[in-house]
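Some notes on the structure that comes next.
What follows draws every value from the coordinates through simple rules; no lab data is involved. None of these values were measured; they are calculated from a predicted model. Note that we place each Cβ from the backbone using ideal geometry, even for glycine, and neighbour counts take in every protein chain shown.
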Amino acid sequence: MIWHNFWTGPNNSFLLWLRIILAFVIPSALFYSIRSVSPFTRKIIVAAAFFFTGGVYVFYFLWPQPIHRQPLDIPRNLSESIGFMLSDSVPVAADVANIVGAFLLGLGVYSVFSIHVDKIRKGHRDSPFSIALIISVFLMLFFGYLNYYQTLKAPPGVNMTLPQNWHFAQYARDFLFNGVLQQMDAAMFSLIAFYILSAAYRAFRIRSIEATVLLATALILVLKVMGVVADPWSQLVHGLHFGNNQFGDNFTFLNISNFLQNSFQSSSIRAVDFGVGIGALAMALRLWLSIDKQTGT
Amino acid sequence: MAINPKPNRSIGEVLQSLPRQWLYTILLIVSTVPLFIQVLIPNKPEDSSIDFYQNLMKIPDGSVVLLSSDWTNSTRGESRGEFDAIVKILMRKHIKFVVYSIADPQAPQVARDEMNYLNGLQIQAHLPTYQPWTDWVNGGYFPNGDGTANAMSISLRKAFGGKKDIAPNGQLEDIFLSPVLANVQTIQDVKALIDVTASATATTYVQKLGQKMMLLFAVTGVMGPEALPYYSSGQVSGVTIGIKGVYDLETMMQDGVNLPDATGKVAVSSNHVVGSIGNFPGMSNLGQGSQYYPALNASLAVFILAIVVGNIGMFMVKKEKSRTQ
Amino acid sequence: MSYYLAAGTWANQYTDTGWFAVALTVLLCLFVLYNIALSHKKFKEGKTTFIRRIAGLNSIDEAVGRATEMGRPVLMVPGLGGLGPVVVQALTIFSSITRTAAKFANPIILCCADAAVYTVAQETIRDVYQSEGLADRYDPSSVRFVSDRQFAFAAGVSGIILRDQVAATFFMGDFYAESLIFAETANMAGAIQIASSTQTTQTPFFIASCDYVLIGDEFYAASAYLSREPTLTGSMTGQDWCKMMVIFLVVLGAIINTQEIARVTFGPGGIFNQHYINQDKQHSAIVNLPAARPAKSSDSPIEHLFNPQDDPSLQKTIVRDQNPPDRKGASD
């Protein structure tokens, strides 16, 4: 396998390990040196780094893309070689973001532990919940990693993800994941149905013309989903004729709903999405150029 | 000790302020009872579901598709039924797929568990199971969804590079060594991307992959309005929404579209389709959609009733106030 | 290997990748930047930009004041999204709220669902207290990472709302299904609620349950509204210019597409003749078709402006150039 990237190397080789260590040491050294400079210089360095990394994506967006590029293609000219280089850099950037995102989770775990250990130490009135949380975290970690380890070390030909090959660790992981976590997730989600009912009962009042129109259209859209109502109504209106046309079919809940959704709902959502998208564009532009003024700083 | 008597409330005031607990109890009973009673409610599939089914059936047998499984058991009421129906169709057409997630780290494990369940159903029906590695692989979770979708549009091999799944020898191997992805070089070699999602991943795929491949979305009821503009503009080839969408798929799997049965009767007719779309006769097509659809109808009836009761109460109170004034 | 620039190749590549969309995006960015510069100029001249009243933002002080009177904390949630423009905007608004709460010595709770957001939020809130000279009032545990699991986060925040009996809640950012759980729980606790979601599907839930809701673009206007800083107000004006451009393009596209569709769909003998084409553009090259075919909507000029001129549904085969004899190995 030909490797042409400085940061790769043959598997398990000394050169690869050296590059991994360098990849840790160099950014750490950069990080500590940035901390030692003045805040003004630090701001400039951060803004420059921000501009450069964001600029890669901007340049990638502006530069013409290779068309129908196949894996074995090579660039024929300067334009294509720059396009190839930019498009090759995007998956690398995505991988880096994936790895950084995974590491950042550790920060969140630290926050959870620091708050709840503090609560337990101070004997806060909710400390039993904190104890339950920490025990759950360790149980899930233990059985999750034990399951993974046993999967890796399984005898040849044995796929530990299949239920017929499970041992105690797999059953424990399955109980904690499917039996406890997933059911609690589902229970929390099902609360929404009850909350929708109470919110709808409390809030949906015909106090104005707009509210009346809103409720009427909402009623039609709901009735479209209810087969027990929509089907008899369809059969009722199907009998209406206008010449040779089934004129009545225009008045089924399905067709009226399609009209409402395609004409009013979709266009309104598109309008809001345009506004939100332009707002996000402006915000991203200000962040990229480091001209965003936050009220907190 | 003087006790202030509770002021007598009018009927209108009572109707406007029913206790939450009553409403929740009524909803609990009404939504639970239909689960125990098998009722087949007549159904006319929506155009977006018909397009979803039609385009899925048009994928040539033996192709490869990407199945973005961005749901967990919190939305299993809708997403699980969608996933089951889609995978049943893929199994019956011998379409290989890569299941992965860009939304939730739990999702790949949930998909794996669901595949085990569906294979269990296959065994019960004395049908061949869908083998992991040979027929489908698990691509895992990608924390950076936007970047991953971007990378997929440029190079599928690089986007999924380094992802491993368990091979028949029990060891973790590169998924591109599996029979599923061995002949896949670029995104054009994949016939469709099917996204079963409860979040905004649909928007991400439209932005990054909308012009490169066919997109089919199976979304929850809440995300339906967000996906429909992309369907009506032609950027997405089909959308199935919520429990109704699941029931639509099951209905079409059972009866086809514009397809006469043995007696010549057409169970599901639609002007939206030119010609007819096939079905899967003699197979177990009905599932979660048909189970939950009656409960959905009953729950929606309770919602409508609650809103009507609240508004009647409001009008009664208004009338009393105008009478006293 | 030496590179050469084939004549017209660069232009061909660009015209086939939807150059109009790129040019439009650049134009929209220039609108924003121009208006930022203009706003700074006007600021130096002592002029201000008018922003219409946004009820939700006007009531922030009222909400925090109410919480102070009741002696109960203020809760802020920046949504479920990762670090991006939406969360940065939410934290900008929250820093303004925190500034008010800090002056009243009112406790705040900021719950994060993402580890990166948690670190940035900590820094932001600490900076606010320090800039107000109230560093001693800053409580590090006021900014919390609850969980990155959607419903674990919902359960945790609901528990905080009910146990701490918060008096004012601010939900701003990317919310999904948990939005209604938060809103109803806060309603049960009797809190005043101001919310905004960039997800259009969640806005109705907030409207049904919350006292004030910022819809769509009002969320992005909030920072300009609260601070009146020239960069932000200029950016907001630039966004309005962008929206006018989008409206113009929508109207123009509707007119052009209507004409094209009429030509395509009305058959011979109808009002318009059906439109046939004899040439097609396949992979940067104009190709004569063996026989004229009816034009599809994807052959329309407006479609070509925004999309690559290559319709996959026409089942074209790809003709690859021969690889040069001195090519090196595979790239991956």
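Within 10 Å of the Cβ of each residue in B:186-197, the mean number of Cβ atoms contributed by other protein chains is 1.
Shown for chain A are the DSSP H helices of 24 Å or more along their axis, judged by Cα atoms, with a mean Kyte-Doolittle hydropathy of at least 1.0: A:14-36, A:39-62, A:127-152, A:209-225, A:266-288. Each Lys or Arg adds one and each Asp or Glu subtracts one; over the other residues with Cβ under 13 Å from the Cβ of B:Gln171, this totals -1.
Region B:36-105 and region A:1-54 have Cα centres spaced 44 Å apart.
What is the distance, in nm, between label points placed 7 Å from the Cα along the Cα-to-Cβ direction at A:Tyr110 and at B:Asp261? Modelled inter-label distance: 6.5 nm.
Find how many whole Å separate the alpha carbon centroid of region A:248-297 from the alpha carbon centroid of region A:93-154. Between the Cα centre of region A:93-154 and that of region A:248-297, the gap is 37 Å. Only one residue of B:Ala182, B:His126, B:Gln21 has its Cα farthest out toward the positive end of the dipole of chain B, where Lys and Arg carry +1 and Asp and Glu -1 on Cβ, and that residue is B:Gln21. Each principal axis of the Cα atoms in region A:28-134 has its own extent, and those three values, largest first, are 70, 39, 23 angstrom. Per residue, the convex hull spanned by the Cα atoms of region B:1-138 amounts to 231 cubic angstrom.
Applying the Kirkwood pairwise sum to the alpha-carbon positions of region A:141-272 produces a hydrodynamic radius of 20.3 angstrom.
When the alpha carbon gyration tensor of the protein assembly as shown is reduced to an equivalent ellipsoid, the three semi-axes, largest first, read 42, 39, 33 Å. Binning the C-alpha pair distances of region B:42-288 at 5 Å intervals from 0 yields a P(r) profile of 1, 7, 14, 19, 21, 18, 11, 6, 2, 1, 0 %, listed from the shortest bin outward.
Each Lys and Arg adds +1 at its Cβ and each Asp and Glu adds -1 at its Cβ; summed about the Cα centre, region C:55-227 shows a dipole of about 280 debye.
Taking a point 7 Å out from the Cα of C:Ile51 in the direction of its Cβ, the residues of region C:186-230 whose backbone N falls within less than 19 Å of it are C:194-198, C:212-230.
Taken one residue at a time, the phi angles of region C:159-170 give Karplus couplings (6.51, -1.76, 1.60, θ = phi - 60°) of x, 5, 4, 6, 6, 7, 6, 5, 9, 9, 10, 10 Hz. Gly and Pro are set to x. Relative contact order, whole percent, for region C:55-227 stands at 26, derived from Cα pairs under 8 Å and 6 or more residues apart. Altogether, the Stokes-Einstein calculation at 4 °C and 1.567 mPa s, with the Kirkwood radius of region C:55-227 over Cα pairs as Rh, returns a diffusion coefficient of 84 µm²/s. Computed from point charges on the beta carbon alone (+1 for Lys and Arg, -1 for Asp and Glu), the dipole magnitude for the protein assembly as shown about its Cα centre is near 1640 Debye.
Here the convex hull built on the C-alpha positions of region B:174-314 has a volume of 202 cubic angstrom per residue. Sorting the segments A:31-41, B:151-161 by their residues' average number of neighbouring beta-carbon atoms within 10 angstrom, most packed first, yields B:151-161, A:31-41. For region B:108-167 versus region C:137-178, the spacing of their alpha-carbon centroids is 34 Å. Other protein chain C-beta atoms within 10 Å of residue C-beta, averaged over B:151-159: 6.
Other protein chain C-beta atoms within 10 Å of residue C-beta, averaged over C:203-216: 3.
Charges were assigned to the Cβ only: +1 to each Lys and Arg, -1 to each Asp and Glu. The resulting dipole of region A:87-134 about its Cα centre is roughly 480 debye. Projecting the alpha carbon convex hull of region B:23-94 along each direction and taking the average yields 7.1 nm². Under 8 Å for C-alpha pairs, at least 6 residues apart: give me the relative contact order for region B:167-313, rounded to a whole percent. For region B:167-313, the relative contact order is 15 percent. Extending 7 Å from Cα along the Cβ direction at B:Ile41 and again at A:Ser267 yields two label points whose distance is 3.1 nm. The calculated Kirkwood hydrodynamic radius for region A:213-288 is 14.9 Å, given to one decimal from all distinct C-alpha pairs.
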